[in-house]
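Here the structure comes first, spelled out in C-alpha coordinates, and everything after it is commentary.
The values are calculated or read from the model by the stated rules, or taken from the named source; none is laboratory data. What you see is a predicted model, and the numbers here were worked out from it, not measured in a lab. Don't worry about glycine lacking a Cβ; one is built from the backbone with ideal geometry, like all the others, and counts go over all protein chains shown.
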Amino acid sequence: MTSMKKTCKKCLLPTDYLNIEIDDKGICQHCRNFSKTEFLGPEKLLELVQEPLKRNQSKKYDCVVGYSGGRDSTYLLWYVVKKLKLRPLAVFSDDLFIPEIVYENMENTCRILDVDLRTIKHDNLKKCLPHHLKAWIRRPVPESLAVINVGERIGYETLVEETAVKEGVHLIFGGRTPIQEEERYKSELIKLSKSPGRQGKMDWIMGYGKQVLLNPALVSNLFCLKLQYKEFTVNKWKQKLIEENDLTIVYPFYDYVHWVEDELEEILFNELNWKLPEGKINSSRFGCEADTLRQYLFYRTLGYNDTHVDLSYLIRDGQISKEEAKDKLEDSLDFGEGYIEYILNKAGVNGKQFIQVLDRKYPETA
Ligand SMILES: [Zn+2]
(Lines give C-alpha, C1' and ligand atoms only; values in the text may rest on other atoms or scores of the structure.)
Protein backbone atom coordinates (compact mmCIF):
# COMPACT_ATOMS: atom_id res chain seq x y z
CA MET A 1 0.00 0.00 0.00
CA THR A 2 3.00 2.29 0.09
CA SER A 3 3.26 4.58 -2.85
CA MET A 4 5.82 7.24 -2.03
CA LYS A 5 4.56 10.75 -2.35
CA LYS A 6 6.65 13.70 -3.46
CA THR A 7 8.37 15.03 -0.35
CA CYS A 8 10.63 17.78 0.92
CA LYS A 9 14.15 17.16 -0.43
CA LYS A 10 15.58 16.74 3.05
CA CYS A 11 12.87 15.07 5.15
CA LEU A 12 9.87 12.80 4.58
CA LEU A 13 7.11 15.39 4.86
CA PRO A 14 4.98 15.23 1.71
CA THR A 15 4.53 18.40 -0.33
CA ASP A 16 0.83 18.48 0.66
CA TYR A 17 1.57 18.27 4.42
CA LEU A 18 -0.55 20.69 6.46
CA ASN A 19 0.74 24.28 6.20
CA ILE A 20 3.95 23.20 4.49
CA GLU A 21 6.02 25.83 2.71
CA ILE A 22 8.53 24.39 0.27
CA ASP A 23 11.14 26.88 -0.97
CA ASP A 24 12.71 27.00 -4.46
CA LYS A 25 15.39 24.53 -3.36
CA GLY A 26 12.66 22.02 -2.48
CA ILE A 27 13.20 22.27 1.29
CA CYS A 28 10.35 22.67 3.81
CA GLN A 29 10.25 25.29 6.57
CA HIS A 30 10.57 22.61 9.27
CA CYS A 31 13.99 21.71 7.87
CA ARG A 32 14.97 25.32 7.18
CA ASN A 33 14.11 26.49 10.70
CA PHE A 34 15.41 23.45 12.56
CA SER A 35 17.83 24.10 15.35
CA LYS A 36 19.13 21.44 17.69
CA THR A 37 17.66 21.64 21.18
CA GLU A 38 20.06 22.76 23.89
CA PHE A 39 19.48 20.22 26.65
CA LEU A 40 20.12 21.19 30.24
CA GLY A 41 21.87 17.92 31.04
CA PRO A 42 21.32 15.07 33.54
CA GLU A 43 23.07 16.92 36.39
CA LYS A 44 20.50 19.69 36.27
CA LEU A 45 17.78 17.06 36.20
CA LEU A 46 19.09 15.37 39.35
CA GLU A 47 19.36 18.75 41.04
CA LEU A 48 15.75 19.56 40.22
CA VAL A 49 14.29 16.33 41.62
CA GLN A 50 15.90 16.69 45.06
CA GLU A 51 13.27 19.09 46.36
CA PRO A 52 10.15 17.03 45.47
CA LEU A 53 11.95 13.90 46.73
CA LYS A 54 12.23 15.50 50.16
CA ARG A 55 8.48 16.08 50.23
CA ASN A 56 7.63 12.42 49.62
CA GLN A 57 5.83 10.53 52.39
CA SER A 58 6.18 7.16 50.68
CA LYS A 59 8.84 4.79 52.00
CA LYS A 60 8.53 2.52 49.01
CA TYR A 61 8.59 4.77 45.97
CA ASP A 62 10.54 7.87 44.91
CA CYS A 63 8.39 8.71 41.92
CA VAL A 64 5.54 7.64 39.67
CA VAL A 65 6.02 6.98 35.96
CA GLY A 66 3.15 6.73 33.48
CA TYR A 67 3.84 3.53 31.59
CA SER A 68 2.04 2.65 28.36
CA GLY A 69 4.15 -0.31 27.29
CA GLY A 70 5.29 1.66 24.25
CA ARG A 71 8.93 2.29 23.58
CA ASP A 72 8.99 5.91 24.77
CA SER A 73 7.73 5.20 28.26
CA THR A 74 9.81 2.02 28.47
CA TYR A 75 12.92 4.08 27.76
CA LEU A 76 11.78 6.58 30.38
CA LEU A 77 11.31 3.86 32.99
CA TRP A 78 14.76 2.48 32.20
CA TYR A 79 16.26 5.96 32.48
CA VAL A 80 14.67 6.65 35.87
CA VAL A 81 15.93 3.34 37.29
CA LYS A 82 19.35 3.01 35.69
CA LYS A 83 20.51 6.60 35.26
CA LEU A 84 18.72 8.48 38.02
CA LYS A 85 18.85 5.51 40.44
CA LEU A 86 15.31 6.15 41.67
CA ARG A 87 12.62 3.67 42.70
CA PRO A 88 9.57 4.32 40.52
CA LEU A 89 6.08 2.91 40.64
CA ALA A 90 4.97 2.25 37.04
CA VAL A 91 1.31 3.02 36.41
CA PHE A 92 -0.41 1.52 33.41
CA SER A 93 -3.83 2.57 32.19
CA ASP A 94 -5.24 -0.48 30.40
CA ASP A 95 -7.89 0.60 27.88
CA LEU A 96 -8.59 -3.04 26.87
CA PHE A 97 -7.08 -2.61 23.39
CA ILE A 98 -3.60 -3.80 24.30
CA PRO A 99 -1.97 -6.56 22.20
CA GLU A 100 -0.68 -9.61 24.08
CA ILE A 101 2.94 -8.88 23.13
CA VAL A 102 2.78 -5.49 24.85
CA TYR A 103 1.76 -7.13 28.16
CA GLU A 104 4.67 -9.54 27.76
CA ASN A 105 7.16 -6.74 27.08
CA MET A 106 5.85 -4.82 30.07
CA GLU A 107 6.15 -7.74 32.45
CA ASN A 108 9.68 -8.48 31.21
CA THR A 109 10.73 -4.87 31.55
CA CYS A 110 9.38 -4.50 35.06
CA ARG A 111 10.96 -7.77 36.16
CA ILE A 112 14.37 -6.86 34.73
CA LEU A 113 14.24 -3.35 36.21
CA ASP A 114 12.71 -4.63 39.47
CA VAL A 115 9.87 -2.13 39.27
CA ASP A 116 6.32 -2.51 40.65
CA LEU A 117 3.68 -2.32 37.95
CA ARG A 118 0.21 -1.13 38.82
CA THR A 119 -2.37 -1.82 36.13
CA ILE A 120 -5.69 -0.03 36.19
CA LYS A 121 -8.28 -1.20 33.70
CA HIS A 122 -11.05 1.03 32.39
CA ASP A 123 -13.65 0.59 29.68
CA ASN A 124 -14.18 4.20 28.55
CA LEU A 125 -12.58 3.64 25.17
CA LYS A 126 -14.38 0.34 24.66
CA LYS A 127 -17.73 1.99 25.39
CA CYS A 128 -17.16 4.89 22.97
CA LEU A 129 -15.21 3.44 20.10
CA PRO A 130 -18.10 1.63 18.33
CA HIS A 131 -20.24 4.76 18.30
CA HIS A 132 -17.44 7.07 17.22
CA LEU A 133 -16.29 4.78 14.42
CA LYS A 134 -19.81 4.36 13.07
CA ALA A 135 -20.35 8.12 13.22
CA TRP A 136 -16.99 8.97 11.67
CA ILE A 137 -17.32 6.65 8.67
CA ARG A 138 -20.50 8.51 7.60
CA ARG A 139 -18.21 11.37 6.67
CA PRO A 140 -14.69 9.99 6.86
CA VAL A 141 -12.49 13.10 6.93
CA PRO A 142 -9.21 13.53 8.83
CA GLU A 143 -10.46 16.67 10.61
CA SER A 144 -12.81 14.70 12.85
CA LEU A 145 -10.46 11.78 13.60
CA ALA A 146 -9.86 13.24 17.06
CA VAL A 147 -13.06 11.55 18.27
CA ILE A 148 -11.72 8.05 17.64
CA ASN A 149 -9.54 8.03 20.74
CA VAL A 150 -12.07 9.56 23.11
CA GLY A 151 -12.03 7.47 26.26
CA GLU A 152 -8.33 6.70 26.00
CA ARG A 153 -6.96 9.91 27.50
CA ILE A 154 -9.40 9.93 30.38
CA GLY A 155 -7.64 6.81 31.58
CA TYR A 156 -4.05 7.92 31.55
CA GLU A 157 -4.19 11.69 31.81
CA THR A 158 -5.00 11.91 35.51
CA LEU A 159 -4.36 8.35 36.62
CA VAL A 160 -0.68 8.99 37.22
CA GLU A 161 -1.38 12.07 39.32
CA GLU A 162 -4.11 10.33 41.32
CA THR A 163 -1.83 7.37 42.01
CA ALA A 164 0.99 9.68 43.12
CA VAL A 165 -1.34 11.39 45.59
CA LYS A 166 -2.58 8.07 46.93
CA GLU A 167 0.98 6.80 47.44
CA GLY A 168 2.29 9.99 49.03
CA VAL A 169 4.70 10.65 46.15
CA HIS A 170 5.31 14.18 44.85
CA LEU A 171 7.55 13.45 41.88
CA ILE A 172 6.18 12.35 38.52
CA PHE A 173 8.08 11.64 35.32
CA GLY A 174 6.43 12.21 31.96
CA GLY A 175 7.50 10.94 28.56
CA ARG A 176 7.08 14.07 26.46
CA THR A 177 9.78 14.58 23.81
CA PRO A 178 10.53 17.31 21.26
CA ILE A 179 9.48 14.80 18.58
CA GLN A 180 5.90 14.69 19.81
CA GLU A 181 5.70 18.47 19.62
CA GLU A 182 6.04 18.06 15.88
CA GLU A 183 2.88 15.97 15.68
CA ARG A 184 0.68 18.99 16.10
CA TYR A 185 -0.90 18.65 12.64
CA LYS A 186 -3.51 16.36 14.22
CA SER A 187 -5.03 19.12 16.31
CA GLU A 188 -4.29 21.90 13.79
CA LEU A 189 -6.30 20.09 11.12
CA ILE A 190 -9.65 20.75 12.73
CA LYS A 191 -9.19 24.49 13.15
CA LEU A 192 -11.05 26.80 10.84
CA SER A 193 -8.05 28.88 9.94
CA LYS A 194 -5.22 26.49 9.32
CA SER A 195 -2.49 29.06 9.81
CA PRO A 196 0.04 27.74 12.33
CA GLY A 197 0.12 30.94 14.36
CA ARG A 198 -3.47 30.63 15.48
CA GLN A 199 -3.61 28.13 18.26
CA GLY A 200 -6.47 29.56 20.23
CA LYS A 201 -8.95 27.23 21.88
CA MET A 202 -11.78 29.16 20.22
CA ASP A 203 -10.41 28.33 16.79
CA TRP A 204 -10.50 24.68 17.75
CA ILE A 205 -14.03 24.85 19.16
CA MET A 206 -15.33 26.58 16.02
CA GLY A 207 -13.62 24.00 13.84
CA TYR A 208 -15.13 21.20 15.88
CA GLY A 209 -18.56 22.84 15.61
CA LYS A 210 -18.22 22.85 11.85
CA GLN A 211 -17.43 19.12 11.83
CA VAL A 212 -20.49 18.46 14.00
CA LEU A 213 -22.74 20.46 11.67
CA LEU A 214 -21.44 18.49 8.71
CA ASN A 215 -21.78 15.17 10.57
CA PRO A 216 -24.21 15.42 13.53
CA ALA A 217 -23.79 11.71 14.31
CA LEU A 218 -20.49 12.62 15.99
CA VAL A 219 -22.43 13.93 18.99
CA SER A 220 -25.58 11.79 18.87
CA ASN A 221 -24.66 9.55 21.80
CA LEU A 222 -25.04 11.23 25.17
CA PHE A 223 -22.54 9.08 27.05
CA CYS A 224 -19.88 9.63 24.38
CA LEU A 225 -20.65 13.34 24.20
CA LYS A 226 -20.09 13.67 27.94
CA LEU A 227 -16.78 11.90 27.60
CA GLN A 228 -15.79 14.15 24.69
CA TYR A 229 -16.39 17.14 26.92
CA LYS A 230 -14.56 15.58 29.85
CA GLU A 231 -11.50 14.92 27.69
CA PHE A 232 -11.62 18.39 26.23
CA THR A 233 -11.36 19.85 29.73
CA VAL A 234 -9.03 17.20 31.15
CA ASN A 235 -6.02 19.52 31.28
CA LYS A 236 -7.89 21.88 33.55
CA TRP A 237 -8.66 19.33 36.26
CA LYS A 238 -5.27 17.74 35.82
CA GLN A 239 -3.71 21.11 36.57
CA LYS A 240 -5.93 21.46 39.63
CA LEU A 241 -4.81 18.08 40.91
CA ILE A 242 -1.17 19.08 40.45
CA GLU A 243 -1.53 22.40 42.25
CA GLU A 244 -3.67 21.17 45.13
CA ASN A 245 -1.30 18.31 45.89
CA ASP A 246 1.97 20.05 45.17
CA LEU A 247 3.08 17.57 42.51
CA THR A 248 6.20 18.12 40.41
CA ILE A 249 6.13 16.77 36.86
CA VAL A 250 9.43 16.42 35.02
CA TYR A 251 10.01 15.57 31.35
CA PRO A 252 13.63 14.31 31.12
CA PHE A 253 13.70 13.89 27.35
CA TYR A 254 12.06 17.22 26.69
CA ASP A 255 14.32 19.57 28.60
CA TYR A 256 17.32 17.68 29.95
CA VAL A 257 18.50 14.68 28.01
CA HIS A 258 18.95 14.19 24.26
CA TRP A 259 16.70 11.48 22.89
CA VAL A 260 18.99 9.10 21.03
CA GLU A 261 17.22 6.57 18.85
CA ASP A 262 20.11 4.09 18.59
CA GLU A 263 20.63 3.98 22.34
CA LEU A 264 16.92 3.40 22.85
CA GLU A 265 16.81 0.44 20.43
CA GLU A 266 19.90 -1.04 22.04
CA ILE A 267 18.30 -0.88 25.49
CA LEU A 268 14.92 -2.22 24.38
CA PHE A 269 16.22 -5.24 22.51
CA ASN A 270 19.44 -6.14 24.33
CA GLU A 271 18.79 -5.12 27.89
CA LEU A 272 15.03 -5.41 28.26
CA ASN A 273 14.46 -8.38 25.93
CA TRP A 274 11.84 -6.65 23.89
CA LYS A 275 9.93 -8.61 21.29
CA LEU A 276 8.26 -7.21 18.17
CA PRO A 277 5.09 -8.47 16.56
CA GLU A 278 5.77 -11.05 13.87
CA GLY A 279 7.15 -9.62 10.64
CA LYS A 280 7.99 -6.21 12.11
CA ILE A 281 11.44 -4.65 12.08
CA ASN A 282 10.45 -1.31 13.54
CA SER A 283 9.83 -0.59 17.19
CA SER A 284 8.33 2.83 16.65
CA ARG A 285 4.64 2.13 16.49
CA PHE A 286 2.98 -0.74 18.17
CA GLY A 287 0.88 -0.58 21.25
CA CYS A 288 -2.73 0.32 21.90
CA GLU A 289 -4.78 -0.96 18.96
CA ALA A 290 -6.95 2.16 18.89
CA ASP A 291 -3.77 4.18 18.33
CA THR A 292 -2.71 1.90 15.51
CA LEU A 293 -6.15 2.27 13.98
CA ARG A 294 -5.99 6.05 14.23
CA GLN A 295 -2.54 6.15 12.61
CA TYR A 296 -3.90 3.97 9.82
CA LEU A 297 -6.84 6.33 9.34
CA PHE A 298 -4.63 9.42 9.26
CA TYR A 299 -2.52 7.74 6.64
CA ARG A 300 -5.51 6.69 4.55
CA THR A 301 -7.21 10.09 4.64
CA LEU A 302 -4.16 12.41 4.53
CA GLY A 303 -1.44 10.29 2.99
CA TYR A 304 0.77 10.76 6.06
CA ASN A 305 0.77 10.16 9.81
CA ASP A 306 2.96 10.48 12.90
CA THR A 307 5.64 8.21 11.50
CA HIS A 308 6.33 10.65 8.64
CA VAL A 309 6.65 13.42 11.21
CA ASP A 310 8.79 11.50 13.72
CA LEU A 311 11.24 10.15 11.15
CA SER A 312 11.54 13.60 9.57
CA TYR A 313 12.57 14.95 12.95
CA LEU A 314 15.24 12.27 13.31
CA ILE A 315 16.61 13.14 9.84
CA ARG A 316 16.90 16.81 10.79
CA ASP A 317 18.47 15.88 14.11
CA GLY A 318 21.13 13.95 12.19
CA GLN A 319 20.21 10.60 13.78
CA ILE A 320 19.15 8.76 10.66
CA SER A 321 19.70 9.07 6.89
CA LYS A 322 16.80 9.70 4.56
CA GLU A 323 17.29 6.25 3.02
CA GLU A 324 17.11 4.51 6.40
CA ALA A 325 14.09 6.58 7.28
CA LYS A 326 12.34 5.55 4.07
CA ASP A 327 12.83 1.87 4.92
CA LYS A 328 11.45 2.38 8.40
CA LEU A 329 8.52 4.32 7.02
CA GLU A 330 7.66 1.60 4.57
CA ASP A 331 7.79 -1.00 7.33
CA SER A 332 5.56 1.07 9.56
CA LEU A 333 2.99 1.73 6.80
CA ASP A 334 2.59 -1.99 6.35
CA PHE A 335 -0.13 -2.44 8.93
CA GLY A 336 -0.24 -6.18 8.41
CA GLU A 337 -2.69 -8.22 6.38
CA GLY A 338 -6.07 -8.19 8.08
CA TYR A 339 -4.86 -6.47 11.26
CA ILE A 340 -6.88 -3.27 10.79
CA GLU A 341 -9.99 -5.31 10.00
CA TYR A 342 -9.38 -7.32 13.17
CA ILE A 343 -9.14 -4.12 15.26
CA LEU A 344 -12.30 -2.72 13.69
CA ASN A 345 -14.22 -5.91 14.36
CA LYS A 346 -12.96 -5.97 17.93
CA ALA A 347 -14.11 -2.35 18.27
CA GLY A 348 -17.63 -3.41 17.36
CA VAL A 349 -17.96 -2.36 13.72
CA ASN A 350 -17.98 -4.36 10.51
CA GLY A 351 -14.33 -4.10 9.48
CA LYS A 352 -14.78 -5.23 5.90
CA GLN A 353 -17.53 -2.71 5.14
CA PHE A 354 -15.68 0.06 6.93
CA ILE A 355 -12.54 -0.44 4.83
CA GLN A 356 -14.62 -0.67 1.64
CA VAL A 357 -16.02 2.81 2.31
CA LEU A 358 -12.49 4.13 2.82
CA ASP A 359 -11.22 2.45 -0.34
CA ARG A 360 -13.94 4.11 -2.38
CA LYS A 361 -13.27 7.55 -0.96
CA TYR A 362 -9.46 7.33 -0.81
CA PRO A 363 -8.38 5.01 -3.65
CA GLU A 364 -4.88 6.55 -3.83
CA THR A 365 -3.78 5.20 -0.43
CA ALA A 366 -5.59 1.87 -0.81
ZN1 LIG B 1 11.75 19.04 5.28
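Are there helices (runs of 4 or more DSSP H) fully within the range 222-286 with at least 3 residues that are over 30 Å from ILE315 (Cα atoms)? List them.
On the way: elements: 222-232, 234-244, 261-266.
The qualifying helices (runs of 4 or more DSSP H) are 222-232, 234-244.
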Whichever residue in the range 39-57 is crowded, with 17+ Cβ neighbours inside 10 Å and assigned to a loop (DSSP other than H, G, I, E, B) and, among such residues, is nearest to the ligand (Cβ to nearest atom)
PHE39
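Quick grid of which residues meet (1) out of contact with any Phe, Trp or Tyr (no Cβ under 6 Å at 6 or more places or on another chain); (2) more than 16 Å from the ligand (Cβ to nearest atom); (3) closer than 23 Å to MET106 by Cα:
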{"site": "CYS288", "(1), (2), (3)": "no, yes, yes"}
{"site": "ARG316", "(1), (2), (3)": "no, no, no"}
{"site": "ASP334", "(1), (2), (3)": "yes, yes, no"}
{"site": "LYS346", "(1), (2), (3)": "yes, yes, yes"}
All but one of (1) out of contact with any Pro (no Cβ under 9 Å at 6 or more places or on another chain); (2) at pLDDT 95 or above; (3) closer than 19 Å to GLU167 by Cα hold for GLY66, so report the exception by its number.
(2)
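Listed here are the residues, each with its yes/no results for (1) in contact (Cβ under 8 Å) with a residue 60 or more places away in the chain; (2) in a strand (DSSP E or B); (3) in contact with a Lys or Arg (Cβ under 7 Å, 6 or more places away or on another chain).
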{"position": "LEU89", "(1), (2), (3)": "yes, yes, yes"}
{"position": "SER93", "(1), (2), (3)": "yes, yes, no"}
{"position": "LEU96", "(1), (2), (3)": "no, no, yes"}
{"position": "THR109", "(1), (2), (3)": "yes, no, no"}
{"position": "LYS127", "(1), (2), (3)": "yes, no, no"}
{"position": "HIS131", "(1), (2), (3)": "yes, no, no"}
Which listed residue, of LYS6, LYS36, is modelled with pLDDT under 95, surrounded by fewer than 17 Cβ atoms within 10 Å (Cβ to Cβ), within 13 Å of the ligand (Cβ to nearest atom) and basic (Lys, Arg):
LYS6
With the condition kept exactly as written, say whether any residue in the range 357-364 is in contact with a helix residue (DSSP H, G or I) (Cβ under 6 Å, 6 or more places away or on another chain) and surrounded by fewer than 18 Cβ atoms within 10 Å (Cβ to Cβ).
yes
Does LEU77 qualify as being in a loop (DSSP other than H, G, I, E, B) and without any contact (Cβ under 8 Å) to a residue 60 or more places away in the chain?
no
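Restricting to the range 111-125, give me the number of residues that are part of a helix (DSSP H, G or I), within 19 Å of the chain's Cα centre (by Cα) and surrounded by fewer than 21 Cβ atoms within 10 Å (Cβ to Cβ). Steps first, please.
Initially, the range 111-125 is screened for residues part of a helix (DSSP H, G or I), giving 111-113, 124-125.
Filter once more, so that each one left must be within 19 Å of the chain's Cα centre (by Cα): 124-125.
Subset that is surrounded by fewer than 21 Cβ atoms within 10 Å (Cβ to Cβ): none.
So the count comes out to 0.
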What single numbered condition from (1) within 29 Å of PHE223 (Cβ to Cβ); (2) touching a Phe, Trp or Tyr at 6+ places or on another chain (Cβ under 9 Å); (3) modelled with pLDDT of 90 or more fails to hold for THR158?
(3)
Is it fair to say TYR229 is in contact (Cβ under 8 Å) with a residue 24 or more places away in the chain and aromatic (Phe, Trp, Tyr)?
no
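Against the condition modelled with pLDDT under 95 and more than 24 Å from HIS258 (Cβ to Cβ), how does ASP114 come out, does it pass? Before you say what the answer is, go through the steps one by one.
Numbers: modelled with pLDDT under 95: no; more than 24 Å from HIS258 (Cβ to Cβ): yes.
So ASP114 does not fit the description; no.
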What pairs come out if I take residues in the range 6-22 that are within 18 Å of ASP306 (Cβ to Cβ) and pair them with residues that are small (Gly, Ala, Ser) and near the ligand (Cβ under 10 Å from one of its atoms) whose C-beta lies under 7 Å away, six or more apart or interchain?
CYS8/GLY26; CYS11/SER312; LEU12/SER312; LEU13/SER312
Before we move on, is SER187 of a type in the set (Gly, Ala, Ser), assigned to a loop (DSSP other than H, G, I, E, B) and modelled with pLDDT under 90?
no
Filter the range 9-33 for residues that are in a loop (DSSP other than H, G, I, E, B) and of a type in the set (D, E, K, R); which is nearest to the ligand (Cβ to nearest atom)?
LYS10
